[in-house]
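To start, the structure itself, in C-alpha cells.
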Amino acid sequence: MKIAKDQSPDIQEIVSGSTAELLRQLVAHLRQNRTDLREEWARRITQAKLLTAMNDAEIFAEATSVYDNYVEALETGTFEALQAYARNLSERIIPRGVQTDEVVGIVLLLRDVLARSLFAKYQADFNLLNRILDAYEPAANRIANTVAVGFVQERERIIRQQQDAIRELSTPVLQVRERLLILPIIGVMDPQRARQLTEQLLRGIRANRARVVVIDITGVAAIDSHVANHLVQTVEASRLLGATVIVTGLSPEIAQTLVNIGVDLGKMNTVGDLQGGIEEAERLLGYKVVPLTETTAQD
Amino acid sequence: MPVPILKQSRYLIATIQSALGDADLLRLRDKLVEKVGIERSKGVIVDVTALDVLDSFASRTVRDLAYTIRLRGAETVIVGIQPDVAFAMVQLGITLEGVATALDLEEGLAYLDENTRHGHRAF
C-alpha cells in the first residue's frame, strides 16, 4: 500500500492525548494524505464494481466531495453538513438506479481504506493504534450510518411522492358531455383508494352537475368483497346526489366474484363495455348520436 | 323551528334551513301531506342542502313522506344531499330506496317537469 509510506514523527506527542486530541491528529493525517487516500478509495470502488451507473470521472468527483465531508464530520463532530450532502447526493444518484447496497458499500469501503491507512501509520505502537481506533471507529460508524439513513430516507421520500402521484393520476373524473361523467379505474383497488375514489366522484358530480356517471372498471384485474361493497355504496351515494351510475367493463372474474359474494346487483346498472355504457348514458340524457351522412341526407 | 313551505305553480317546495328535531320533521311531513291536497300540487321538493347530517330517523321520515305523497297523487324529490352526507348515509345502510333524488332545486324542478307532465290529473 502506497499510503503506508509516510511515518509521522509526532506519534510521541499524542500518546497521552484525549480522544479529541486523537481525533485532531487523525484529521490532520487524513488531510495530509487526501490525494492518495481519495485515489485509493475511488480505485477500490471501481474494483468492487460499485456505482456502475457512473463513470470514473464522476466517481472520483463524488469521492472527493464525500471524502472532504467525511473528514469535516470527523473534525467537527457535527453531522448536519454531511447529512445535507448525503441527501443531495442521493437525490442525484437515485434516478440513475444506484442501489442501497452500493451506497452502504462505498461508505464502508472508505471506512476500510482510512482504517488501513491508520494501521499502517501507527503499526509500530499497538497501544496508540488501539486508542486511535477507539476514537475513530464510533465517529466513522456514525458517519456511515448517517449516509446510509440519508440515502434510504431520500428513497422513501421519492417512493411516497410517486405513490401520491400514481394515486392522483389513476382516478380522474372526466366530463364527456354536459351532465355525463366518466370514471375510468385502472390498477389495483384497495379500500383506501376505493374510498378516495368515491369522495372524488361525489365531489365531481356536484361540481359538474352530473346526471349520469359511467364507471369503467375494464382496467381492474380483481376485486375483493370489501371493495365490491364499496362500489355498491358509491353507486347508492351517487344516486342520493341525483346521479345515475352505469358500471361497465366487468371482467368475467369480477362478475363471478360479485355473484359469489352476493352483492345486490339490483342496484347496479351494468353494461358490457365503455362504449355501451356511454351509449346508454346518452340515451338516459336524451342524446342521440347520428352519423353526419344521415343528417345531411335528411336535409 | 317550522319549515316554510312555498307554492311554486304546481309544486310545493320545502327548504329545510337548519337541523331539525324529530318533532319538527313529523310536523313537516304532516303539513306537506295535507297541503298537497289543498293546493292540488303535482310535485313536492324537499331541499336538504343545509343539512350536514341525515340520521336514520330523518331518512325514514323522508321516505315515508315520499310514499305517502305518492298515494296522494304527487311526486316527491329530495334535493341537495351533500356528498359527505350521502356517503355517510350509505355507510349506515340508508339508501332512500324508491325515493327520487336530485342534485339541487333546479334539477329537482326539471325532474318533476319531466315526470308529472304526462301524469294523469285528479280531474
Practice item. Mind listing whichever residues of the range A:121-143 are small (Gly, Ala, Ser) and either crowded, with 17+ Cβ neighbours inside 10 Å or on the phi > 0 side of the Ramachandran plot (or both)? Key: A:135, A:139, A:140
**Study point:** Qualifying residues in the range B:50-66 (those that are among the small types (Gly, Ala, Ser) and exposed (fewer than 15 other Cβ atoms within 10 Å of the Cβ)) - the one nearest to the chain's Cα centre (by Cα)
**Key:** B:50
Practice item. Go through the range B:76-87 residue by residue and tally those that are more than 9 Å from every other protein chain (Cβ to nearest Cβ) and surrounded by fewer than 21 Cβ atoms within 10 Å (Cβ to Cβ). Key: 0
Practice item. Consider residue A:197 carefully, then state whether it is surrounded by 21 or more Cβ atoms within 10 Å (Cβ to Cβ), out of contact with any Gly (no Cβ under 7 Å at 6 or more places or on another chain) and assigned to a helix (DSSP H, G or I). Key: yes
Review point. Taking residue A:95 and the conditions (1) under 25 Å from residue A:64 (Cβ atoms); (2) under 13 Å from the mean Cα position of the chain (by Cα); (3) touching a residue at least 24 places away in the same chain (Cβ under 8 Å), which numbered condition does it fall short on, given that it satisfies the others?
Key: (3)
Review point. When the range A:210-229 is examined, which residues are found to be at pLDDT 90 or above and assigned to a loop (DSSP other than H, G, I, E, B)?
Key: A:210, A:211
Practice item. Just need a number here: residues in the range B:71-87 that are assigned to a helix (DSSP H, G or I) and modelled with pLDDT of 90 or more. Key: 5
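I want to confirm something. Restricting to the range B:61-74 and keeping residues that are more than 14 Å from every other protein chain (Cβ to nearest Cβ) and not β-branched (Val, Ile, Thr), which single residue is nearest to residue B:27 (Cα to Cα)? Spell out how you get there, then give the answer.
Just the residues of the range B:61-74 that are more than 14 Å from every other protein chain (Cβ to nearest Cβ), to begin with: B:61, B:64-65, B:67-74.
Next cut, not β-branched (Val, Ile, Thr) only: B:64-65, B:67, B:70-74.
Details: B:64: 13, B:65: 11, B:67: 16, B:70: 18, B:71: 18, B:72: 17, B:73: 20, B:74: 19 Å.
That would be B:65.
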Point to revise | Qualifying positions in the range A:93-110 - in contact with a helix residue (DSSP H, G or I) (Cβ under 9 Å, 6 or more places away or on another chain) and among the acidic types (Asp, Glu) | key: A:102
Exercise for review: Could you tell me which residue of the range A:205-223 is farthest from the other protein chains (Cβ to nearest Cβ), considering only residues that are out of contact with any strand residue (DSSP E or B) (no Cβ under 6 Å at 6 or more places or on another chain), surrounded by fewer than 22 Cβ atoms within 10 Å (Cβ to Cβ) and of a type outside the set (Ser, Thr, Tyr)?
Suggested key: A:221
Study note, to complete from the structure: Of the candidates B:66, B:14, the one satisfying the condition of being under 18 Å from residue B:103 (Cβ atoms) and part of a helix (DSSP H, G or I) is B:66
Check your understanding: Any idea how many residues of the range A:230-275 are assigned to a helix (DSSP H, G or I), surrounded by fewer than 18 Cβ atoms within 10 Å (Cβ to Cβ) and within 14 Å of chain B (Cβ to nearest Cβ)?
Key -> 2
Practice item. Considering only the range B:88-102, state which residues are on the phi < 0 side of the Ramachandran plot, assigned to a loop (DSSP other than H, G, I, E, B) and at the interface with chain A (Cβ under 8 Å from one of its Cβ atoms). Key: B:95
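Looking at the range A:181-199, which of its residues are within 10 Å of chain B (Cβ to nearest Cβ) and either among the aliphatic types (A, V, I, L, M) or under 24 Å from residue A:279 (Cα atoms) (or both)? Write out each step before concluding.
Here is the first cut: in the range A:181-199, the ones within 10 Å of chain B (Cβ to nearest Cβ) are A:195, A:198-199.
Passing the criteria: only A:198.
Check whether at least one residue in the range A:276-286 is more than 27 Å from residue B:107 (Cβ to Cβ) and away from chain B (no Cβ under 14 Å), and report yes or no. If you could, list the steps in order and put the result at the bottom.
As a first pass, look at the range A:276-286 and keep what is more than 27 Å from residue B:107 (Cβ to Cβ): none.
For the range A:276-286, residues more than 27 Å from residue B:107 (Cβ to Cβ) and away from chain B (no Cβ under 14 Å): absent.
Please enumerate the residues belonging to the range A:138-192 that are more than 30 Å from residue A:65 (Cα to Cα), assigned to a helix (DSSP H, G or I) and of a type in the set (D, E, K, R).
First, the residues of the range A:138-192 that are more than 30 Å from residue A:65 (Cα to Cα): A:163-192.
If we keep only those that are assigned to a helix (DSSP H, G or I) too, we end up with A:163-170, A:191-192.
If the condition is that a residue be more than 30 Å from residue A:65 (Cα to Cα), assigned to a helix (DSSP H, G or I) and of a type in the set (D, E, K, R), then A:164, A:167, A:168 are the ones that fit.
The values are calculated or read from the model by the stated rules, or taken from the named source; none is laboratory data. As the structure is a prediction and not an experimental result, all values here were calculated from the model. Because the Cβ atoms are built from the backbone with ideal geometry, glycine has one as well, and the counts that use them run over all protein chains shown.
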